[in-house]
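For reference, the structure discussed in these notes is given below.
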Amino acid sequence: MGASVNPSGASSQVPAGTNSRIDLFDYQGAKERGEPLGSGAMESTCKQYQGRFHRSGQFWTTEGDEALMCLETFWRNGRWALLFPHVPADFDPSKN
C-alpha cells in the first residue's frame, strides 16, 4: 500500500494502483458544486433499490426489472409528471 492524500488533505493508506488514478478525481470541483465526495449516498440508493426489487415473493424478468427501475427512478427524482403529464402534480400513487 502506498500513501495518498484524501480530499481533506490528510494522508491515508490506499490500495496499490488506486493512487495512480487519483488525478481523475476532481474533489475540489465537486466540493465547490456541493456534490457528495463519498460513496455513501450511492450505496444507500442501491440498497433501497435492492430492497424494492428483492422483496419476498417477487420475481422479475430482465425487461420487467429494467422497466420498474426506470419508473422508480423517475418517482424518486420528482420527474413523474414527465411520464404522466395528465396526472395532477400532487398525485401520490403510494396512497391509492
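What follows draws every value from the coordinates through simple rules; no lab data is involved. Since this is a predicted model, take the numbers as computed values, not measurements. A quick note on method: Cβ atoms are made from the backbone with ideal geometry, for glycine too, and the neighbour counts reach across all protein chains shown.
Our estimate of slack between residue 50 and residue 32, defined as 0.36 nm per intervening residue step minus the Cα-Cα distance, is 3.4 nm.
Across the range 62-75, rounded Karplus estimates of 3J(HN,Hα) from the backbone phi angles (6.51 cos²θ - 1.76 cosθ + 1.60, θ = phi - 60°) give 4, 5, x, 4, 5, 5, 5, 4, 5, 4, 4, 5, 4, 5 Hz, Gly and Pro being marked x. If you look at the Cα atoms of the range 39-94, you get an Rg and a Dmax of 13.0, 37 Å.
Under the convention that each Lys and Arg Cβ holds +1 and each Asp and Glu Cβ holds -1, the size of the dipole of the range 28-96 around its Cα centre is about 180 debye.
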